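Just below is one structure, and these are the notes that go with it.
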Amino acid sequence: MKTHHFTCIKCPLSCQIELIEDNGTVLEIRGCTCNQGEQYALDEFSNPLRIVTTTVRVTEGILPVVPVRSQAPLPKSLIADCVSVLNTTEVEAPVTCGQIVCSNILDTGIDVVASRDLERRH
């Protein structure tokens, strides 16, 4: 048996949750105050997801990089690969907030978009 500890982020209570499993089978979940905590712990245990945020290089921009984010959460196991792809991605200014910077990253069906406007250098 193994115990996993999570701090729930589904509501302001930030419950300290323990998930007890044996060979991948969940045996017990404790510490949930609201009804969202149990599902959060199950999701974090079986398939953790995260929004990816980083920067992408910009040519001819007033700044050398623009902040970007994934439009939806990606599997946590893919984050390093996503960041590697984005490290080699370059866009040309001007850039508008919401502009797709990388379409369908790693064949996930999720786009990465700019998080701000960035003007072209004069």
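Taken together, the values in this text are just the output of simple stated rules run on the coordinates, not laboratory data. Model, not experiment: these values are computed from the prediction. A quick note on method: Cβ atoms are made from the backbone with ideal geometry, for glycine too, and the neighbour counts reach across all protein chains shown.
Taking the condition loosely packed, with under 15 Cβ neighbours inside 10 Å, farther than 30 Å from residue 121 by Cα and out of contact with any Phe, Trp or Tyr (no Cβ under 6 Å at 6 or more places or on another chain), does residue 27 pass?
Judged against the criteria, residue 27 is a match.
Among the residues that make up region 43-57, is at least one of them farther than 29 Å from residue 113 by Cα, without any contact (Cβ under 8 Å) to a residue 24 or more places away in the chain and exposed (fewer than 12 other Cβ atoms within 10 Å of the Cβ)?
Filtering region 43-57 for residues farther than 29 Å from residue 113 by Cα gives none.
No, there is no match, as no residue in region 43-57 is farther than 29 Å from residue 113 by Cα, without any contact (Cβ under 8 Å) to a residue 24 or more places away in the chain and exposed (fewer than 12 other Cβ atoms within 10 Å of the Cβ).
Find the residue count for region 1-12, including only residues that are in a loop (DSSP other than H, G, I, E, B) and touching a residue at least 24 places away in the same chain (Cβ under 8 Å). Don't jump to the end; show me each part of the working.
At the first step, the residues of region 1-12 found to be in a loop (DSSP other than H, G, I, E, B) are 1, 8-12.
Adding the requirement that they be touching a residue at least 24 places away in the same chain (Cβ under 8 Å) leaves 1, 8-11.
Of the residues in that region, 5 qualify.
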